[in-house]
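Structure first, commentary second.
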Amino acid sequence: LAALGDGAARAGRVDVIAPKYQAVFGGGPPCQVVLWGSSHTAQGVDPRALEQPGAPVFNLAFHASTPVFYQAFYDDLVTHHGRPAQLLWGVDPLLLKRFAWSRDYAQDSEYWPWPLFLARGSRTVWLNRFALIKQREAFQDLLAFERPRTTFLLDKAYKGYVPVAPTGRPLGPEGSDFPDDAEFVAAFMRLLGQLRADRVPITFFQTPEY
């Protein structure tokens, strides 16, 4: 795929999420080493830099992901794909902060297999199955005559990693001074306990700023 320098490749217009769920639900080879984290990891850590013979790496980091998101995601990963041999979790100052844009696992229901989708038929699950709802951010930009804010370099994409074109302006960790969310903290501790019980080795690393 060619890099779309005109700004057409952005969240909501080019699907950079589908390859991640295809790795989980598509019946492909096991993801021996898995990357988790927010967009800092999704756009900043290339699996090719970590892969070794016999130990493939897949970037399963998601924009605005939270411990609550990954708790639900991990259950499906284990059920439909298997436990990873190693988990590398990129952390940043916003890991335990709640925002309006914090990712909900149900918002990704369009990527779930139909049996799983039908078994979890909540209102959020149904609304996010369809493009008009799922791509609302893109429609808002079009109505406001805004140029896309993110250009993904699709020619450099690899196993869930999709880098973005430099904007020339560094982004700071806005909101890092917000209090930690109690639900996120509890989910984080439960998830650590589950990973420990499953004997999945975890390595935390600090992700760079954009």
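The values are calculated or read from the model by the stated rules, or taken from the named source; none is laboratory data. Remember, predicted model here, so these are calculated numbers, not experimental data. Every residue, glycine as well, gets a Cβ built from its backbone with ideal geometry; the counts of neighbours run over all protein chains shown. Side chains are part of the model used for accessible areas, which takes the heavy atoms of the whole protein and leaves out ligands, DNA and RNA. Shrake-Rupley method; radii C 1.70, N 1.55, O 1.52, S 1.80 Å.
Data overview
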quantity: Subset tally (residues that are open to solvent by 50 Å² or more (accessible area, probe 1.4 Å) and among the acidic types (Asp, Glu)) for region 53-104; calculated: 2
quantity: Residue, modelled with the highest pLDDT, within region 25-52, restricted to residues that are part of a loop (DSSP other than H, G, I, E, B) and buried (at least 24 other Cβ atoms within 10 Å of the Cβ); calculated: Gly37
quantity: Region 180-198, residues that are open to solvent by 40 Å² or more (accessible area, probe 1.4 Å) and either touching a residue at least 12 places away in the same chain (Cβ under 8 Å) or of a type in the set (Phe, Trp, Tyr) (or both); calculated: Asp180, Glu183, Val185, Arg190, Gln194
